[in-house]
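To start, the structure under review is shown below, and the notes come after it.
The values are calculated or read from the model by the stated rules, or taken from the named source; none is laboratory data. These numbers come from a predicted model, not from an experiment. In this analysis, Cβ positions are derived from the backbone assuming ideal geometry, glycine residues included, and neighbour counts consider all displayed protein chains.
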């Protein structure tokens, strides 16, 4: 798990992000735990930093497409979710997040023991946040880029991140 | 299940498609059945016509996001898969299909008893096929559009649609 | 030019849209006329209906790519602009519109005497509106679909649609 | 203008690309010069490296949208063109390139004296190449990221890059 060291201006790559809620990592974890689908897939949160989130899921046959690789729908699922949560790290404690849209390019077969989605915020905004996710497979210790996502996420102010 | 009546030129909406393999519906069903992920999700093929495919999955808690709706990753999964198989209906018996990319706009919360993806080919091609999927929720008999996908799929000639 | 008949609920295709500003067609025209780029390209507004806009530009060599067809950048320009203005027709008199993102699939060479972009709102929203544009070429009276766009547009409340 | 030093394996960022045509920079320049639209816009090629291309256009009022900024259609035009030409640098001498699709996120108003599109190949392929373009404005010497594009380009083997 990544360590968040508490300052209000954090340089992630070449960008500084304003932190609006010091408790952002817990909010991401609690939201993730409310998603029945993540548990069902066997996915876990591996890193939560301001504007950055990593999600992993180990391979099993239930997650495969017709050639036995990780299913493309799973690639999209992790890409979208990592994107949404990287946006969520920069929101207020009273905000909720939703996916407006995303675009995914699959660039290589998703063959490996682990599927890894790493997302980062490209453009944080009060209402709209743009994120990029890179999705890798890990096989015998070596990582390979298999897909890239460019997505747009919306801030819902004063909205609970849980069922009403 | 939709009935395909066997002619070589079929008008689906305002487009006629050339059928390259009379056995296309069986090929789609066999490929779908090889996808462990579809069985795992509880998804089923509901219609297979030339250039058109419908996939459905009933709601259960394991498929939910944090508010209890169908997870966005599931919406993308069905949209992508319906798109790929609608492209696959127009391919040769010796072709395989892969997703190059897709873009998904989520337009309403996916709340309902059933999630339904209906895809149609917009532009069939020997190498590249463009498809659009509309994703609906059905609740108490009423359908509502919740997302739209625009995607690009590739024909892999002389490639088995199964593990080597 | 399309005729708008003044009622507040309009069925465009299978959707009814709420009109927030009866003067929407004039607002679109005035905004279009402020875009130096439209005049430079020789583009004109051909239809303005609630949730629907059509833009056309006649061919000339200055608009070509390397094979002599309409340049892809022009296709994207009209698709984006028709999308933004179809969203704008449903906004308040004090709103401005901006493009969040769009995705364009080019499906055939853009060969013809006229390039035509027709956009319609798929999902109107107070903050975010989703639109689809179809782009056609017209040659010797026959139209051909050459591209499709799926895009997302944002409402900026209380923002002038002109330089400050 | 960037200098290409002639080796067959080039590390651009963290990727090595195979060069299939030593004369790639001239092919890009000649194709660019055949595009009437680039000349009309006042655009120029600033860098041509294997898998990387930069295009710039200086501001003038004819390129503006309604607030006086660079028009979004121009942003898309440069993003698409830089993407296509970065893919083209890695193709055979007898190949032509076409845009399958692209997705553009506009992240800030395009305000400045110069608009700059820098594209790089993410995934080169014999048939399909994926590219990313970042679009910047330069104002008083300072650059600002205003948009990002993720696009897919196709190789047309044995096809002239000029009118038949």
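In this structure, residue D:128 does satisfy being within 13 Å of chain A (Cβ to nearest Cβ) and more than 13 Å from the chain's Cα centre (by Cα). Based on what the data block shows, is residue B:5 crowded, with 19+ Cβ neighbours inside 10 Å, outside any helix (DSSP H, G or I), more than 13 Å from chain A (Cβ to nearest Cβ) and modelled with pLDDT under 95? Spelling it out, it is not the case that residue B:5 is crowded, with 19+ Cβ neighbours inside 10 Å, outside any helix (DSSP H, G or I), more than 13 Å from chain A (Cβ to nearest Cβ) and modelled with pLDDT under 95. Has the stretch D:15-28 got at least one residue that is surrounded by 17 or more Cβ atoms within 10 Å (Cβ to Cβ) and within 11 Å of chain C (Cβ to nearest Cβ)? The answer is yes, given that some residue of the stretch D:15-28 is surrounded by 17 or more Cβ atoms within 10 Å (Cβ to Cβ) and within 11 Å of chain C (Cβ to nearest Cβ). Checked against the criterion of being out of contact with any helix residue (DSSP H, G or I) (no Cβ under 8 Å at 6 or more places or on another chain) and either closer than 30 Å to residue C:140 by Cβ or crowded, with 21+ Cβ neighbours inside 10 Å (or both), the stretch C:30-41 contains not a single residue that satisfies it. From the list D:151, D:72, D:141, D:84, the lone residue that is over 20 Å from residue B:153 (Cα atoms) and in contact with a strand residue (DSSP E or B) (Cβ under 6 Å, 6 or more places away or on another chain) is D:72.
Looking across the stretch B:59-92, the residues that are touching a helix residue (DSSP H, G or I) at 6+ places or on another chain (Cβ under 7 Å) and more than 8 Å from chain A (Cβ to nearest Cβ) come down to B:70, B:85, B:88, B:89.
So for the stretch B:56-75 (the condition being at pLDDT 95 or above and under 10 Å from the mean Cα position of the chain (by Cα)), does at least one residue qualify? There is at least one residue in the stretch B:56-75 that is at pLDDT 95 or above and under 10 Å from the mean Cα position of the chain (by Cα).
Of all residues in the stretch B:154-164, those that are surrounded by fewer than 14 Cβ atoms within 10 Å (Cβ to Cβ) and in contact with a strand residue (DSSP E or B) (Cβ under 8 Å, 6 or more places away or on another chain) total 1.
Go through the stretch A:107-118 and give me each residue that's within 14 Å of chain D (Cβ to nearest Cβ) and closer than 21 Å to residue A:38 by Cα.
Taking the stretch A:107-118 first, the residues within 14 Å of chain D (Cβ to nearest Cβ) are A:107-110.
The one that is within 14 Å of chain D (Cβ to nearest Cβ) and closer than 21 Å to residue A:38 by Cα: A:110.
Taking the numbered list (1) modelled with pLDDT of 65 or more; (2) in contact with a helix residue (DSSP H, G or I) (Cβ under 8 Å, 6 or more places away or on another chain); (3) assigned to a loop (DSSP other than H, G, I, E, B) in turn, residue D:22 passes all entries but (2).
Of all residues in the stretch A:42-66, count the ones that are under 25 Å from residue B:39 (Cβ atoms) and crowded, with 18+ Cβ neighbours inside 10 Å. Walk me through how you get there before you give the answer.
So the first thing to find is which residues in the stretch A:42-66 are under 25 Å from residue B:39 (Cβ atoms), and the list is A:42-44, A:55-66.
Right, trim to crowded, with 18+ Cβ neighbours inside 10 Å and you get A:43, A:55-57, A:59, A:63-66.
Count: 9.
Please indicate, with yes or no, whether at least one residue in the stretch B:155-163 is within 8 Å of another protein chain (Cβ to nearest Cβ), modelled with pLDDT of 95 or more, under 22 Å from residue B:95 (Cβ atoms) and assigned to a strand (DSSP E or B). Within the stretch B:155-163, none of the residues are within 8 Å of another protein chain (Cβ to nearest Cβ), modelled with pLDDT of 95 or more, under 22 Å from residue B:95 (Cβ atoms) and assigned to a strand (DSSP E or B).
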